[in-house]
Structure formats: C-alpha cells, structure tokens
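*Asks:* One structure is given below, represented as structure tokens, and several questions about it will come after.
The values are calculated or read from the model by the stated rules, or taken from the named source; none is laboratory data. Everything numeric here is computed off the predicted structure, so don't read it as measured data. FYI the Cβ positions are ideal-geometry reconstructions off the backbone, even for glycines, and counts take in every protein chain you see. Protein only, heavy atoms only, side chains kept; ligands, DNA and RNA dropped before computing areas. Shrake-Rupley method; radii C 1.70, N 1.55, O 1.52, S 1.80 Å.
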Amino acid sequence: MEQPASAYFIEERHDPNETHTLSVLVANEPGVLARVIGLFSGRGYNIESLTVSETESDKHVSRITIVTTGTPMVITQIKHQLDRMIPVHRVVDMTVAGGSIERELAMVKLRASN
Amino acid sequence: MSDAKPQESRDLPNQMTGAAMIVRALADHGVKHIFGYPGGAVLPIYDEIFQQEEVQHILVRHEQGAGHAAEGYARSTGLPGVVLVTSGPGATNMVTPLADALMDSIPLVCITGQVPTHLIGNDAFQECDTVGITRPCTKHNWLVRDVNDLAKVLHEAFYVATTGRPGPVVVDVPKDVQFATGTYHPPRKSDVHVSYAPRVKGDATAIRKAVSMLAGAKRPIIYSGGGVINAGVAASKLLRELVEVTGFPITSTLMGLGAYPASGPNWLGMLGMHGTYEANMAMHDCDVMLCVGARFDDRITGRTDAFSPNSKKIHIDIDPSSINKNIRVDVPIIGDCANVLGDILQVFKAEAKKPAIDPWWFEINRWRARNSLAFKANNDVILPQYAIQRLYENTKHLDTYITTEVGQHQMWAAQFYGFEEPHRWMTSGGLGTMGYGLPAALGVQVAHPDSLVIDIGGDASVQMTMQEMSAAVQHDLPIKIFILNNQYMGMVRQWQQLLHGNRLSHSYSEALPDFVKLAEAYGGVGLQCSKPGDLDGAIKEMIKVRKPVLFDCRVANLENCFPMIPSGKAHNEMLLPLEANDEATAKAFAGGKALV
C-alpha cells in the first residue's frame with residue numbers, strides 16, 4: 001500500500017460490518033445519556049437507533065438500547081468501552097445473547113376522502 | 001426540647017460547610033499537598049485551607065501547571081495528585097492535564113469551583129459547563145448540587161481515581177454548596193457506585209495456559225508498560241523475578257521504563273518508533289509475547305498487519321477495553337499486573353523449568369551488535385545524545401528523578417538515560433504534551449524535597465509552561481531544567497525533513513529568550529554550556545546549586561533522532577543512525593512525497 005507522508009500509520013480495514021443490538025443497564029443519574037452518546041461520537045462509533053427509559057424506579061436504573069454497526073473488533077470495543085463507564089451496570093449484546101424480541105411500530109396516517 | 005435540636009446539630013463534629021468538608025476529605029484520604037490557583041468560585045475552600053495546616057497548598061502560576069505538577073507528584077509517589085482550581089477558565093485550563101492523565105493512567109483528583117447552582121446555565125461570570133467539557137477527558141466526573149452528597153462524592157472520587165486503571169476525576173462544586181452546611185462522613189464502602197468493580201485477580205485457567213506457552217517458548221519476549229509502574233513497586237519486583245526465573249529478554253514502552261533495570265542483563269532497551277533495533281527485531285521475530293500492562297499503541301506496533309506476525313500473544317491488563325483493541329491476542333488476562341504476575345510466577349515455579357533459549361539469545365546479541373544507538377563523537381559541538389549520556393553519568397549515583405517535555409529530547413532521554421527503579425521517570429507518553437516536564441518536576445520536588453529532580457527539556461517545549469519557574473522559586477523547590485537547545489522544534493523539523501520535502505514550516509524559533517537572564521529574572525540560577533569539554537563541569541555545578549536552575553545546553557542544531565521505524569513500515573524495517581544517509585532515508589520514506 002502506498003503511504004502518504006504522515007506521522008501515523010494509515011491502514012485500511014476491510015472487515016465486514018455487523019449490526020448489533022446492545023442493551024445497557026445504567027444508573028439513572030444526570031448526564032449518563034450524555035456519557036454514552038459522547039462515547040459513541042468521540043470514538044467514531046455508529047448509532048443506528050437509540051432508546052432510553054427508566055426501568056426500575058426504586059433502584060434508579062435505566063435501560064439504554066442501542067442498535068449499532070461496526071466490524072467485530074469495533075463491536076467488542078464498544079461493549080468494553082461502555083462496560084468500563086462508572087455508572088454502567090451491565091452491557092448485554094442482544095444479538096449474541098439471543099432471546100430478545102425485535103418489534104418496530106409504524107404509525108400510518110391516512111388521508112381518507114369521501 | 002425540639003427547639004434546641006438545630007443548635008445541637010450545628011455543634012456536632014460532622015456538621016460543617018461544603019468547603020470544610022472538602023478540606024476534611026482531603027485530610028481523611030491522607031493528602032499532604034495540593035496544587036492550585038484561587039478564584040471567585042473557590043474562595044470558601046481557600047478560606048478553609050488558610051485556617052488549617054494538615055494540607056499544604058502549592059500555588060502555581062497557571063492551572064495547567066497545577067495539573068502537570070499533580071501528575072508528577074502522583075507518578076513519583078504512587079499517590080493520587082490533587083488539584084484545586086476555580087470555575088470557567090480555571091477549569092478549562094485544566095483540560096490538558098486531565099487529558100494527559102487519562103491517556104497515561106495517572107490518578108488525579110481535581111476539584112473545580114462552579115458558579116452558584118441557581119446561576120448554572122445562565123452564562124454567569126466565569127461559568128462553563130465543566131462536567132460537559134471534562135467528560136471525555138476524565139475517568140469520571142461529578143457536579144455536586146446538594147451539600148449532603150458532597151462527602152460521598154469526594155470519597156468515591158478518590159476511590160475511582162486510584163483503583164482499577166487509574167485516571168483523573170473531576171468534582172465540580174458550586175459556590176453555594178461550598179457555603180451550605182451539611183453532614184460529613186468519613187470514607188466508607190457504600191460511597192462507591194455498585195456498578196464499579198474493577199477485576200484484580202486474573203482467571204486461573206488463562207494463567208495456566210499462559211504459563212504453558214511461556215514454558216514451551218523458543219523465541220520469547222516480555223513487553224512491559226506503564227501498567228507495571230501503576231501496579232506499584234511490588235509489580236516491578238515480580239516482573240524482575242519473572243525475568244530471572246525464565247531467562248527471557250525484556251523490552252518496555254516509554255511509560256514502563258524503570259520497571260526492569262536498564263543495567264539488567266536481559267534488558268533490550270525501549271521498543272517502538274524510536275526504540276532499539278534489538279527490541280524491535282525481537283518483537284517481530286518472537287514466537288511467544290508476554291505483554292504486561294501495555295496497550296499495543298500505534299507508536300509501538302508500527303504497521304499492525306505486519307506486527308509480530310508469527311507469535312502467540314499473552315496480554316495482561318486491568319482494563320478489558322485494552323484487549324484486542326489494536327492487536328488480536330491469544331490469551332487475554334484481565335487483572336492487576338502485580339496480582340497476575342504473582343500467580344504466573346507461582347505456577348511457573350511449580351510446574352515449569354527455565355526454557356532453553358540460547359539460540360534466541362545468540363540471535364538477539366547479533367542484533368545488539370548493530371549498536372543502534374551509536375552516534376559519531378564530536379569535539380566541537382555538544383551532541384544531544386552525548387549531553388544525556390553525560391547527565392546520566394553525573395547523576396546516576398544520586399537520588400535522581402527525571403521528567404521530560406515532548407519531542408526529540410524526550411526520545412534521547414528515554415534512549416540514553418538508564419532507569420534502575422520504577423517511579424523515577426515522568427514523561428507525557430500518550431497525549432505528548434509539550435510543557436509537561438517543568439511543572440511535573442515541580443510536583444516531584446514537592447513530594448521528594450531532598451532529591452535531585454531534573455526536567456530534560458527542549459527550547460520550544462520548556463517555554464510553554466516556563467511561568468512555573470516563579471512557583472519553584474516561591475516554594476523553594478530546586479528543580480533543574482536541563483534544556484537541549486537546538487533552536488528548533490526538533491521533532492517537528494525531523495518530520496518535515498523526512499516527509500515534507502525539507503520545507504521547515506514554522507519549526508524554527510527566530511527569537512529565543514536568553515535562558516540565563518530569564519532564570520535570573522525569576523530569581524533562579526542560569527547556566528550555559530556549548531562545548532563538549534565544559535559539559536561535565538557545568539552539570540556538576542548545576543547539581544550543586546540549591547535553587548531552581550535553567551541550564552541552557554547548546555547542542556548541535558540539526559541532529560535527528562534515530563533509530564526510527566519509518567511510517568507504514570514494520571519493526572524489521574528500521575532506519576539505523578549510522579546508516580541514515582540521504583539515500584537510505586529517501587528509500588525508507590519512499591512512499592511519501594518527501595525527498596522526491
């Protein structure tokens with residue numbers, strides 16, 4: 001590979017991308033969503049979709065569900081990077097763990113004429 | 001009776017203001033020194049500091065200086081470095097040291113003042129979103145909105161900073177929380193998030209597997225890093241014992257120097273971009289690699305698709321995200337270096353014997369014979385390599401700590417100064433912060449007042465935080481700033497020569513200060529030396545002075561740093577110093593438009 005003049009080693013990676021659904025159990029405290037999103041933008045990971053909501057109010061726990069794409073190495077990195085954040089309880093890769101249900105909800109507005 | 005209650009509770013010893021809690025928490029965590037700079041949003045805390053003697057405050061001249069000083073303090077003691085700065089610019093000036101500490105895994109606890117809670121979000125005077133700005137450059141951070149949360153957060157901050165993979169944390173405390181009265185409690189287990197539990201002990205099956213790989217190795221190498229230093233003196237002792245028991249060659253990253261002594265028989269020198277030929281060749285040709293507390297960073301690996309292609313790799317790291325980040329490894333072991341090394345040693349001693357690797361050593365010694373750090377002696381000008389050699393020879397018998405700035409001088413220091421013990425070498429490895437070394441030396445000297453603390457600097461780097469000379473004079477800290485003055489940003493120039501057609505765009509300092517006069521202006525001592533024959537005498541004089549010294553060491557201006565792995569090349573394609581003539585250099589960098 002022809003290298004441009006650079007202080008960094010520039011390499012192209014050709015591993016195929018995979019789509020994974022991650023379920024992240026976090027402490028429900030201010031700024032926790034910003035930490036998770038900041039991790040994705042800061043390290044250049046993709047977010048295809050993201051939902052957040054409190055799941056166990058008495059335990060102050062929220063669940064963040066993220067659909068992301070990346071090479072297998074990147075997906076592993078994402079899981080580890082999420083897991084080492086202080087307020088993150090657990091990261092479950094639903095795509096690997098299985099047993100999860102995926103549903104999409106569509107709301108369709110129809111214009112009805114007489 | 002009910003009327004008397006509030007009166008009583010105010011007299012209870014654990015009822016106090018937020019500001020008092022902060023100072024109390026520092027004392028409870030055994031903090032002796034903090035580095036800081038006052039301002040509007042931290043005045044209540046400074047008022048508390050004024051009224052006690054347990055925690056000593058070191059006033060710096062710029063918040064960045066406080067941050068790097070705390071890093072130097074932390075790295076030379078193994079204790080957390082503590083910083084206190086005000087809101088707004090105080091906090092933003094701390095961003096560089098925080099990012100630096102995060103990259104190099106240095107435990108820092110930074111307390112920042114914040115505008116009163118009711119003004120947050122109002123664009124108040126000296127307001128900034130401190131937790132937002134510092135979120136990506138800390139291990140964790142907190143904004144404390146209720147004084148009754150403050151004690152818990154401070155204790156958790158110390159715990160998070162110092163356990164697992166160490167790192168910087170920020171506690172942002174609004175001014176009204178500093179004034180408010182609440183309940184303080186001493187550190188307790190429940191102060192920490194239940195979700196934070198770093199793994200310390202390595203998996204027993206993985207350790208067994210690692211030992212059997214080590215025992216069967218024909219061409220092994222140990223590659224150690226800053227994690228061994230962070231794991232404490234015990235980890236270095238265990239590493240030395242492992243080298244002794246196995247007879248394996250050992251190399252180290254920039255951050256790991258001193259874990260194994262430079263005078264040790266199995267030492268190959270530093271590896272990586274400016275590492276030794278023998279270390280890089282052994283990495284490339286090994287069959288079993290034991291990576292201890294290092295992270296396969298891009299300055300180490302060269303091109304990753306050609307990195308040590310035929311080896312099985314064992315990787316010990318406390319941070320699971322370091323595993324398989326850049327390089328795929330065969331046996332990952334998550335755990336604290338000292339703990340895992342202890343277990344490996346125990347199993348190895350019980351079940352394996354020293355592998356016979358004489359042919360491998362024979363090969364390594366052939367690479368060693370290439371003498372990749374050689375340079376041509378010169379009687380007229382001081383060569384920077386020679387300057388470091390002489391500095392080493394004149395200080396090695398003393399109780400010496402070395403810090404550096406960033407650039408060519410840093411690489412020469414790593415190559416030519418021999419470190420025998422851990423915690424003696426403080427340098428900005430990951431972030432590569434010019435201006436790190438002078439304030440870091442200040443912090444080291446605070447921790448070790450009677451030791452010799454030398455910042456090996458460059459003329460460009462050292463000017464970035466030169467103002468801390470004033471702090472050194474104020475606090476009677478006799479740091480020695482040994483400047484390899486070549487009038488260039490040497491490493492920038494080297495890259496411009498090698499990769500950008502020798503167009504030296506803005507890498508020459510047209511107007512350098514007179515460093516001798518500058519030292520005197522600060523109330524320190526200035527020395528200058530430009531002749532190889534005078535160098536030893538001048539260094540001896542520098543050591544003798546009990547004041548901060550700026551040593552202006554005039555070195556050969558155009559000397560470059562070799563050996564070197566050119567960009568896009570592998571470990572076995574190094575460019576050696578005595579072979580780096582124009583033609584060889586052009587060929588090595590042929591992919592670039594450089595020397596066309």
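*Asks:* Considering only the stretch A:13-49, how many residues are polar (S, T, N, Q), more than 10 Å from chain B (Cβ to nearest Cβ) and not in a strand (DSSP E or B)?
*Replies:* Qualifying residue count for the region: 3.
*Asks:* Against the definition (hydroxyl-bearing (Ser, Thr, Tyr), at pLDDT below 95 and at negative phi), how does B:THR301 come out, yes or no?
*Replies:* yes
One line per residue, one yes/no per condition, for (1) of a type in the set (Gly, Ala, Ser); (2) at pLDDT below 95; (3) within 22 Å of B:VAL23 (Cα to Cα):
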{"residue": "B:LEU102", "(1), (2), (3)": "no, no, no"}
{"residue": "B:PRO116", "(1), (2), (3)": "no, no, yes"}
{"residue": "B:PHE125", "(1), (2), (3)": "no, no, no"}
{"residue": "B:CYS137", "(1), (2), (3)": "no, no, no"}
{"residue": "B:ALA157", "(1), (2), (3)": "yes, no, yes"}
{"residue": "B:ALA161", "(1), (2), (3)": "yes, no, yes"}
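*Asks:* Can you find, within the stretch B:480-500, the residue that is nearest to the other protein chains (Cβ to nearest Cβ) among those that are in a loop (DSSP other than H, G, I, E, B) and under 21 Å from B:ASN581 (Cβ atoms)? Steps first, answer last, please.
*Replies:* If we filter the stretch B:480-500 for residues that are in a loop (DSSP other than H, G, I, E, B), which is where we start, we get B:486-487, B:489, B:500.
Next, only the ones that are under 21 Å from B:ASN581 (Cβ atoms) stay: B:486, B:500.
Working: B:ASN486: 19, B:HIS500: 6 Å.
The selected residue is B:HIS500.
*Asks:* Restricting attention to the stretch B:193-224, report how many residues are within 14 Å of chain A (Cβ to nearest Cβ) and among the polar types (S, T, N, Q). Reasoning before the result, please.
*Replies:* If we filter the stretch B:193-224 for residues that are within 14 Å of chain A (Cβ to nearest Cβ), which is where we start, we get B:193-199.
In the following step, the residues that additionally are among the polar types (S, T, N, Q) were identified as B:195.
So the count comes out to 1.
*Asks:* Evaluate the following for B:ALA511: is it assigned to a helix (DSSP H, G or I), away from chain A (no Cβ under 14 Å) and open to solvent by 50 Å² or more (accessible area, probe 1.4 Å)?
*Replies:* Spelling it out, it is not the case that B:ALA511 is assigned to a helix (DSSP H, G or I), away from chain A (no Cβ under 14 Å) and open to solvent by 50 Å² or more (accessible area, probe 1.4 Å).
*Asks:* Sticking with this one: What do you reckon, is B:LYS152 away from every other protein chain (no Cβ under 14 Å), open to solvent by 20 Å² or more (accessible area, probe 1.4 Å) and among the charged types (D, E, K, R)?
*Replies:* Considered against the rule, which asks whether it is away from every other protein chain (no Cβ under 14 Å), open to solvent by 20 Å² or more (accessible area, probe 1.4 Å) and among the charged types (D, E, K, R), B:LYS152 comes out as no.
*Asks:* I'm trying to understand the selection: among the residues of the stretch B:115-141, which are away from every other protein chain (no Cβ under 14 Å) and out of contact with any Lys or Arg (no Cβ under 7 Å at 6 or more places or on another chain)?
*Replies:* B:HIS118, B:LEU119, B:ASN122, B:ASP123, B:ALA124, B:PHE125, B:GLN126, B:GLU127, B:CYS128
*Asks:* Within the group B:ARG24, B:ARG75, B:ARG10, which residue is in contact with a strand residue (DSSP E or B) (Cβ under 9 Å, 6 or more places away or on another chain) and modelled with pLDDT under 95?
*Replies:* Only one candidate qualifies: B:ARG10.
*Asks:* Only helices (runs of 4 or more DSSP H) wholly contained in the stretch B:291-373 count here; list those with 1 or more residues that are within 11 Å of chain A (Cβ to nearest Cβ) and closer than 19 Å to B:SER252 by Cα.
*Replies:* Per the criteria, B:298-301.
So that you can scan it fast, the table gives a plain yes or no per residue for (1) within 14 Å of chain B (Cβ to nearest Cβ); (2) part of a loop (DSSP other than H, G, I, E, B); (3) crowded, with 19+ Cβ neighbours inside 10 Å:
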| residue | (1), (2), (3) |
| --- | --- |
| A:ARG63 | yes, no, no |
| A:THR68 | no, no, yes |
| A:ILE75 | yes, no, yes |
| A:ILE78 | yes, no, yes |
| A:MET85 | yes, yes, yes |
| A:ARG90 | yes, no, no |
| A:VAL96 | no, no, no |
| A:SER100 | no, yes, no |
| A:ALA106 | no, yes, no |
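*Asks:* What are the residue pairs meeting all of these: first residue in the stretch B:222-244, first residue acidic (Asp, Glu), second residue assigned to a helix (DSSP H, G or I), Cβ atoms under 9 Å, and 6 or more apart or on different chains?
*Replies:* That search, which allows pairs on different chains as well, returns B:GLU241/B:LEU341; B:GLU241/B:LEU345.
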